[in-house]
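Read the structure below first, then the notes.
The values are calculated or read from the model by the stated rules, or taken from the named source; none is laboratory data. Given the structure is predicted, the values throughout are model-derived calculations rather than measurements. No Cβ is skipped: glycine too gets one built from the backbone with ideal geometry, and neighbour counts run over all protein chains shown. What goes into the accessible areas is simple: the full protein's heavy atoms, side chains included, and nothing from ligands, DNA or RNA. Shrake-Rupley method; radii C 1.70, N 1.55, O 1.52, S 1.80 Å.
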Amino acid sequence: METLQIGTYFALWYLFNIGYNIYNKQALNVLDFPWTVATLQMATGIAYFVPMWLLGIRKAPKLSMADIKTLLPIALCHTGVHVGAVIALGAGAVSFAHIVKASEPVVTCALNAVLLKEVLPLPVYMTLLPIIGGVAIASMKELSFTMLALGSAMLSNVSSAARGVLSKKTMSGKKIGENLDAQNLYAVLTALSTLILIPIMFAIEGTGFFNAFSGLVAGGDFTNKSLATLLALGGATYYAYNEVAFLALGKVNPVTHAVGNTIKRVVIIVASVIAFKTPMSTGSIIGSSIAILGTLLYSLAMNASKK
């Protein structure tokens with residue numbers, strides 16, 4: 001029975017992830033306002049977890065102002081992870097964004113060494129070589145390469161690594177609030193990130209998104225309902241895949257997690273290539289394969305170093 005449950009979680013994790021990447025890219029193809037799209041996606045999660053708290057389906061977290069101050073820097077990094085990924089997905093091919101995202105372990109090792117003075121075993125560092133080499137090959141041979149896609153995907157990587165480091169430094173062994181389990185922590189970070197994003201969104205993109213939305217509807221390309229549905233599906237699948245990821249990863253050991261995460265990245269790249277008919281050069285396929293294999297070896301080496 002548990003095997004069926006784990007299989008269902010993994011299937012939903014992959015399905016929602018594929019759905020998010022496709023809906024997100026479709027929205028960005030017609031509405032080139034990544035900050036606004038990212039804000040709407042982040043805010044969509046609030047419509048999911050607030051009713052659960054109000055109805056008592058899930059215990060609501062209780063946080064003091066001191067707790068929120070502790071979580072705010074982590075929420076800022078969380079914001080960078082999402083915005084960087086959304087900009088990258090809009091600026092280039094979905095497949096390329098995920099190839100660059102595969103280099104996150106390199107950034108994580110660097111930040112851990114600088115900020116936490118954490119020195120890892122040599123085998124772990126050796127696994128970074130295929131990641132760096134693979135991403136470099138894929139970038140050189142990528143047919144839809146743009147500096148914006150590369151830079152924003154790296155922003156997402158740096159933000160993700162920094163979020164992990166800050167979480168270790170500020171939350172390790174420290175009790176924060178009440179009822180703050182992994183899912184509620186993600187919900188609180190989502191709410192804080194939404195508050196961070198709203199003023200930045202208006203400062204960078206103003207209200208241009210709403211004029212563009214009206215223009216698309218007036219031009220007959222979409223109805224109000226179909227375009228709103230596309231944006232809502234992007235937000236719903238974004239929150240859903242993260243929520244299901246917590247459920248899936250809580251049920252398996254780190255090795256299964258590592259393998260599952262690697263397969264997920266391959267599945268997303270293949271699905272996006274099919275969905276958007278994105279051409280990939282032979283060099284890009286070879287480079288991405290090497291980089292993704294490197295991320296699997298890194299995860300396995302990290303797991304072995306903790307034993």
Qualifying positions in region 165-185 - farther than 14 Å from T70 by Cα and out of contact with any Pro (no Cβ under 9 Å at 6 or more places or on another chain): A182, Q183
Residue satisfying condition, being open to solvent by 70 Å² or more (accessible area, probe 1.4 Å) and more than 20 Å from the chain's Cα centre (by Cα), within set L155, L129: L129
Condition check for S284: more than 26 Å from T79 (Cβ to Cβ), over 16 Å from the mean Cα position of the chain (by Cα) and open to solvent by 60 Å² or more (accessible area, probe 1.4 Å): no
Selected residue [over 21 Å from A91 (Cα atoms) and either surrounded by 14 or more Cβ atoms within 10 Å (Cβ to Cβ) or in contact (Cβ under 8 Å) with a residue 12 or more places away in the chain (or both)] from T256, T237: T256
Hits in region 82-107 - residues which are within 17 Å of N24 (Cα to Cα), open to solvent by 20 Å² or more (accessible area, probe 1.4 Å) and of a type in the set (A, V, I, L, M, F, W, C): A85, I87, A91
Among (1) aliphatic (A, V, I, L, M); (2) in contact (Cβ under 8 Å) with a residue 60 or more places away in the chain; (3) open to solvent by 60 Å² or more (accessible area, probe 1.4 Å), the one test that V30 misses: (3)
Out of A162, A203, sole residue that is in contact (Cβ under 8 Å) with a residue 60 or more places away in the chain and either open to solvent by 10 Å² or more (accessible area, probe 1.4 Å) or among the hydroxyl-bearing types (S, T, Y) (or both): A162
Cβ-Cβ under 8 Å pairs, at least 6 apart or on other chains, region 265-291 side charged (D, E, K, R), far side assigned to a helix (DSSP H, G or I): R265/H98; R265/K101; R265/I292; R265/T295
The listed residue being of a type in the set (F, W, Y) and part of a loop (DSSP other than H, G, I, E, B), out of F202, F222: F222
Residue in region 7-21 that is modelled with pLDDT under 95 and more than 27 Å from G260 (Cβ to Cβ) present: no
Lone unmet requirement of (1) over 24 Å from L166 (Cα atoms); (2) not in a helix (DSSP H, G or I) for V50: (2)
Flag if A47 is aliphatic (A, V, I, L, M), open to solvent by 30 Å² or more (accessible area, probe 1.4 Å) and modelled with pLDDT under 95: yes
Failed item in (1) surrounded by 14 or more Cβ atoms within 10 Å (Cβ to Cβ); (2) out of contact with any Phe, Trp or Tyr (no Cβ under 7 Å at 6 or more places or on another chain); (3) of a type in the set (S, T, N, Q), with S64 passing the rest: (1)
Meets criteria (open to solvent by 40 Å² or more (accessible area, probe 1.4 Å) and part of a helix (DSSP H, G or I)) for L197: no
Residue under evaluation I268, criteria (1) of a type in the set (A, V, I, L, M, F, W, C); (2) over 16 Å from the mean Cα position of the chain (by Cα); (3) under 26 Å from Q26 (Cβ atoms); (4) not in a loop (DSSP other than H, G, I, E, B), criterion not met: (2)
Residue count for region 44-64, restricted to those that are closer than 24 Å to K175 by Cα, small (G, A, S) and touching a residue at least 60 places away in the same chain (Cβ under 8 Å): 2
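Check K175, K169 and return the single one that is without any contact (Cβ under 8 Å) to a residue 24 or more places away in the chain and either exposed (fewer than 14 other Cβ atoms within 10 Å of the Cβ) or touching a strand residue (DSSP E or B) at 6+ places or on another chain (Cβ under 9 Å) (or both).
When all the criteria are applied, what remains is K175.
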